[in-house]
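Trainee: This is the structure I want to talk about, given as structure tokens.
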Amino acid sequence: KVHAYEEWGRKHGALFPHLGIVQYDPHLPWGIAGLATNTIEEGQPIISIPLSLIINHAVVLKTKPFSDMSDTLQGLDPLWVVYLFLVHERYNASSFWKPWIDILPSSYTNPLWWDDHSLAIIKGTNLHDGALQILAVLRRIHEEIVSVLQKARPDIFDPTIFTLENIKWAYSVFWSRSIAVEYEGRMVASLVPLADCLNHNPTAKTKYETENNMFHFISMTRQPQGCQVFADYKMPAETNEQLLLNYGFMISPRDDALAIRAIQFRLVTRSLHPHKRRRK
């Protein structure tokens, strides 16, 4: 799947001559990752992706069958439309984005995927309240919006496909992988296949820019051959609480406030996995 994914990108104009996309050991905290196959010099693009490969609300409205439903979709939150599109493409065997979809996780580690017992452990925290609020929105999309769309276009909105579980999956895909991209003159939250193989690290010296209809991740430091290449996604979330809710992971605390949250999360994690030993 990873090889087909790389070939799909190259076929459609993606450039990453010094980067290899690999499947890491599933026991490690990342799945797909980017490794430097050659030294990447300071100022050199790590990966360049044509805007024709990205997904955002504007792209969805130009892509069949959603391009034929502009009146039906009018008034819906743009991100809701993207979630619905992702669900549709997940089960579309002829999807243009199939090689990318094939490498996506089938489930996620954010609190939307936790069972009731795990959620109960964080009851009374902002994290718990945030998870319940998001789940309420996703249930509304499923119970109200999808039911209306099914009446308008039963040929597209199959109830066995547009389930709450799949909508939750689409939400998690978007929020764990989206990045602000300059598109048609404005910054738009977008999914950028292939570029999203770079795992996030807030200390990574990278920048991104859009030029000549290409999205570029650029290294601002020299990266030796064989290292894992990280990127700083400039995430708007500042706290580990927000990172865990939206992305399903945490980072090392950078100040006392974050340290307190990190300690709380370690306690939660330890209670969820009582047999795990602390690292020395």
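The values are calculated or read from the model by the stated rules, or taken from the named source; none is laboratory data. Please read all numbers here as calculations on a predicted model, not as lab measurements. With ideal geometry, Cβ positions are generated from the backbone for all residues, glycine too; neighbour counts draw on all protein chains shown. Surface accessibility is based on the protein's heavy atoms, side chains included, excluding ligands, DNA and RNA. Shrake-Rupley method; radii C 1.70, N 1.55, O 1.52, S 1.80 Å.
Trainee: Scan the range 153-182 and report the pairs whose first residue is closer than 30 Å to ALA33 by Cα and open to solvent by 20 Å² or more (accessible area, probe 1.4 Å) and whose second residue is in a loop (DSSP other than H, G, I, E, B) and modelled with pLDDT of 95 or more, with Cβ atoms within less than 8 Å and a gap of 6+ or a chain change.
Mentor: Every condition considered, the pairs that remain are ILE161/TYR91; ARG177/VAL192.
Trainee: Further question: Within the range 197-226, restricting attention to residues that are out of contact with any Lys or Arg (no Cβ under 6 Å at 6 or more places or on another chain) and among the hydrophobic types (A, V, I, L, M, F, W, C), which residue is surrounded by the most Cβ atoms within 10 Å (Cβ to Cβ)?
Mentor: Residues of the range 197-226 that are out of contact with any Lys or Arg (no Cβ under 6 Å at 6 or more places or on another chain), as a first pass: 197-217, 219, 222-226.
Adding the requirement that they be among the hydrophobic types (A, V, I, L, M, F, W, C) leaves 197-198, 204, 214-215, 217.
Working: CYS197: 28, LEU198: 24, ALA204: 20, MET214: 17, PHE215: 25, PHE217: 26.
Looking at the filtered set, the residue picked out is CYS197.
Trainee: Same structure again: Any idea how many residues of the range 82-92 are assigned to a helix (DSSP H, G or I) and surrounded by fewer than 20 Cβ atoms within 10 Å (Cβ to Cβ)? Don't jump to the end; show me each part of the working.
Mentor: Keep residues of the range 82-92 that are assigned to a helix (DSSP H, G or I), which gives 82-90.
After this cut, where a residue has to be surrounded by fewer than 20 Cβ atoms within 10 Å (Cβ to Cβ) as well, the list is 90.
Matching residues across the range 82-92 total 1.
Trainee: From the set of residues in the range 122-141 that are touching a residue at least 24 places away in the same chain (Cβ under 8 Å) and open to solvent by 60 Å² or more (accessible area, probe 1.4 Å), which is farthest from LYS168 (Cα to Cα)?
Mentor: Result: ASN126.
Trainee: Now a separate question. Kindly indicate which of VAL82, VAL22 is within 21 Å of ASN166 (Cα to Cα) and of a type in the set (Val, Ile, Thr). Can you show your working first?
Mentor: On the way: VAL22 fails: within 21 Å of ASN166 (Cα to Cα).
Just one listed residue meets the conditions, VAL82.
Trainee: Looking at (1) within 21 Å of GLY248 (Cβ to Cβ); (2) open to solvent by 30 Å² or more (accessible area, probe 1.4 Å); (3) among the β-branched types (Val, Ile, Thr), can you tell me which one THR72 breaks?
Mentor: Here THR72 meets the rest and fails (1).
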